[in-house]
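Participant: Before we start, here is the structure in question, set down as structure tokens.
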Amino acid sequence: MTLQRRIAVLAERAPGETRVAATPETVRKLSALGAVLAVESGAGLSASISDEDYRAAGAEVGPLDAVLANAQIVFAVQGPDPALLGGVASGAWVVAIIDPFGQRAHVDGYAAAGLEALAMEFMPRITRAQSMDVLSSQSNLAGYKAVLVAAGAYGRAFPMMMTAAGTVSAAKCFVMGVGVAGLQAIATARRLGAQVSATDVRSATKEQIQSLGAKPIFVESVAGIEGEGSGGYAGEMSEEYQRAQAELVSAHIAKQDIVITTALIPGRAAPRLVTDAQIASMKPGSVIFDLAAPQGGNVEGTVPDQVVERHGVRIIGYSNTPAHLPADASALYARNLFNFVSAFWHKEQGGPVLDEEIGEAIRLTRGGQVVHPRLQEQGG
Ligand code: NAD
């Protein structure tokens, strides 16, 4: 008989983190696979899940030490401090959004403790891993929330309204960067009744923008740009392109009421898309939500978690937007982890066994070493 796999679910300790890595639904599903779930007391409270809810789903609930004792798998949202993880089984997995470039000391700590750290944000963007893709699940919600927060800060309405007291005109909303978050931002702003336009460097997004009923704003003057880097991500653009893009944006942005920026280039600081001079050209009362705030911001002057006012324009950016939707963000994140573990569940072994493609993509540490090539290049 194989030993039942013990999965520990930690309460998050990072300031502002409201999410949790398992829900009663995923506790039930993981138990059905044959795992024992142990949830730290209070782990779900900020996502509106009580200890009792977890117990009712079949989990043990208790203090950190009890939960971690002999756990073979640790689930968390953000990579936990390795110092917390005493008592886990040797070679245990740590499954989380580990942020290895920002939290290098954590990675070294997992290696030193002989743990196998698995960075969920490194999940390859291949069809079979779509249901495990935490960046997509969280970006989608972030794109939605960005529009709602901007709408809340805007002193006018989004939809056109014809009233007895006169007409309210529709807000003009411009979405910069049309990946997962940008597509949801377009859809949300459209649902609220705004007139929406959007831009990206990847020309493949033009049709997606149109299919959502928004107007594409694209650099046409620089030939031969597809904007596509590896794995469907954007690459860095030429200077000529950047100049043309800045001119185009300058002409367009002055007429916008709401700007949502979402542009990212993997492994680099976020590209600067909106300058202070461009902000000055906007109407007072306009609102910018900068979803790239945690990566340095797309907008000049963004300060994470503060509302900054420049030239009468409010600039908003959260350091952790999905944490502002804790219940849904947790539900989707928890399902991503369940989908991951269950896809690799090996009946005879009584636990998950990774294949080469996904294992090599996400594994940061194993056997006391930092094993991920992107981290070894950095001298680790
Ligand atoms: P991302 O978060 O890395 O970047 C957001 C957007 O910003 C991207 O569309 C990017 O092209 C754009 N951008 C970068 N520089 C810019 C600039 N200077 N100006 C304007 N826009 C700029 O992207 P993402 O949301 O992670 O999605 C990237 C791609 O991956 C998309 O095509 C998405 O559909 C695809 N994807 C595939 C899978 C899968 O197959 N499993 C899963 C998720 C996403």
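The values are calculated or read from the model by the stated rules, or taken from the named source; none is laboratory data. Since the structure is predicted, the reported quantities are computational estimates derived from the model, not experimental observations. Methodologically, a virtual Cβ is constructed for each residue, glycine included, from the backbone with ideal geometry; neighbour enumeration extends over all protein chains shown. Ligands, DNA and RNA are excluded from the accessible area calculation, which covers all protein heavy atoms including side chains. Shrake-Rupley method; radii C 1.70, N 1.55, O 1.52, S 1.80 Å.
Participant: At pLDDT 95 or above and buried (at least 16 other Cβ atoms within 10 Å of the Cβ), is that true of Gly301?
Facilitator: yes
Participant: Considering only region 342-365, state which residues are in contact with a Leu (Cβ under 7 Å, 6 or more places away or on another chain) and hydrophobic (A, V, I, L, M, F, W, C).
Facilitator: Phe344, Trp345, Ile362, Leu364
Participant: Give the residues of region 101-124 that are under 16 Å from the mean Cα position of the chain (by Cα) and either more than 25 Å from Glu356 (Cβ to Cβ) or modelled with pLDDT of 95 or more (or both), sorted by residue number.
Facilitator: Gly102, Ala119, Met120, Glu121, Phe122, Met123, Pro124 - these are the residues of region 101-124 that are under 16 Å from the mean Cα position of the chain (by Cα) and either more than 25 Å from Glu356 (Cβ to Cβ) or modelled with pLDDT of 95 or more (or both).
Participant: Might you let me know whether region 160-170 holds any residue that is among the hydroxyl-bearing types (Ser, Thr, Tyr) and within 12 Å of the ligand (Cβ to nearest atom)?
Facilitator: So far as region 160-170 goes, no, none of its residues is among the hydroxyl-bearing types (Ser, Thr, Tyr) and within 12 Å of the ligand (Cβ to nearest atom).
Participant: How many residues are modelled with pLDDT under 70, out of contact with any strand residue (DSSP E or B) (no Cβ under 9 Å at 6 or more places or on another chain) and open to solvent by 40 Å² or more (accessible area, probe 1.4 Å) when one looks only at region 212-231?
Facilitator: Counting residues in region 212-231 that are modelled with pLDDT under 70, out of contact with any strand residue (DSSP E or B) (no Cβ under 9 Å at 6 or more places or on another chain) and open to solvent by 40 Å² or more (accessible area, probe 1.4 Å) gives 6.
Participant: Which of the residues belonging to region 287-321 are outside any loop (DSSP other than H, G, I, E, B) and not aliphatic (A, V, I, L, M)?
Facilitator: Across region 287-321, the qualifying residues are Phe289, Asp290, Pro294, Gln295, Gln306, Glu309, Arg310, Arg314, Gly317, Thr321.
Participant: Tell me, which strands (runs of 3 or more DSSP E) lie completely within region 124-211 with 2 or more residues that are crowded, with 18+ Cβ neighbours inside 10 Å?
Facilitator: 172-176, 195-199
Participant: Out of the residues in region 348-365 that are surrounded by 17 or more Cβ atoms within 10 Å (Cβ to Cβ) and touching a Ser or Thr at 6+ places or on another chain (Cβ under 9 Å), which is nearest to Ala32 (Cα to Cα)?
Facilitator: Applying the filter and picking the extreme gives Gly351.
Participant: Look at Val307 and say whether it is open to solvent by less than 70 Å² (accessible area, probe 1.4 Å), in contact (Cβ under 8 Å) with a residue 24 or more places away in the chain, among the aliphatic types (A, V, I, L, M) and more than 26 Å from Pro124 (Cβ to Cβ).
Facilitator: When the stated conditions are applied, Val307 does not pass them.
Participant: Go through (1) open to solvent by 10 Å² or more (accessible area, probe 1.4 Å); (2) under 23 Å from the mean Cα position of the chain (by Cα); (3) more than 26 Å from Arg268 (Cα to Cα) one by one and return the number of the condition Gly368 breaks.
Facilitator: Unmet for Gly368, out of (1) open to solvent by 10 Å² or more (accessible area, probe 1.4 Å); (2) under 23 Å from the mean Cα position of the chain (by Cα); (3) more than 26 Å from Arg268 (Cα to Cα): (2).
Participant: Could you check region 111-123 and list, in sequence order, the residues that are surrounded by 14 or more Cβ atoms within 10 Å (Cβ to Cβ) and either part of a helix (DSSP H, G or I) or free of Cβ contacts under 8 Å to residues at least 12 places away in the same chain (or both)?
Facilitator: Result: Ala111, Met120, Glu121, Phe122.
Participant: Out of all the residues in region 4-61, which are open to solvent by less than 10 Å² (accessible area, probe 1.4 Å) and in a strand (DSSP E or B)?
Facilitator: Ile7, Ala8, Val9, Leu37, Ala38, Val39
Participant: Kindly indicate which of Ser319, Ser330 is in contact with a helix residue (DSSP H, G or I) (Cβ under 6 Å, 6 or more places away or on another chain), in contact (Cβ under 8 Å) with a residue 24 or more places away in the chain, open to solvent by 30 Å² or more (accessible area, probe 1.4 Å) and of a type in the set (Ser, Thr, Tyr).
Facilitator: On inspection, the qualifying residue turns out to be Ser319.
Participant: Turning to a different aspect of this structure: State which residue pairs qualify: first residue among the basic types (Lys, Arg) and inside region 41-64, second residue open to solvent by 10 Å² or more (accessible area, probe 1.4 Å) in any location, beta carbons under 6 Å apart, and separation of 6 or more residues or different chains.
Facilitator: From residues that are among the basic types (Lys, Arg), the pairs are Arg55/Val61.
Participant: Being more than 19 Å from Ala14 (Cβ to Cβ) and among the charged types (D, E, K, R) is the filter here, so list the residues in region 95-133 that pass it.
Facilitator: Listed by number, the residues that qualify are Glu116, Arg125, Arg128, Asp133.
Participant: Any residue that is under 25 Å from the mean Cα position of the chain (by Cα) and not polar (S, T, N, Q) - is there at least one of those in region 55-69?
Facilitator: Looking through region 55-69, none of the residues is under 25 Å from the mean Cα position of the chain (by Cα) and not polar (S, T, N, Q).
Participant: OK, next. May I ask you to list pairs of residues, at least six apart or on different chains, whose Cβ atoms are under 7 Å apart, with the first in region 232-252 being within 13 Å of Arg272 (Cβ to Cβ) and the second being open to solvent by 60 Å² or more (accessible area, probe 1.4 Å) and at pLDDT below 85?
Facilitator: Sorted first by the residue in region 232-252, then by its partner, the pairs are Glu236/Arg268.
Participant: How about region 242-273: which of its residues are at pLDDT below 95, more than 9 Å from the ligand (Cβ to nearest atom) and within 26 Å of Asp99 (Cα to Cα)?
Facilitator: Gly267, Arg268, Ala269
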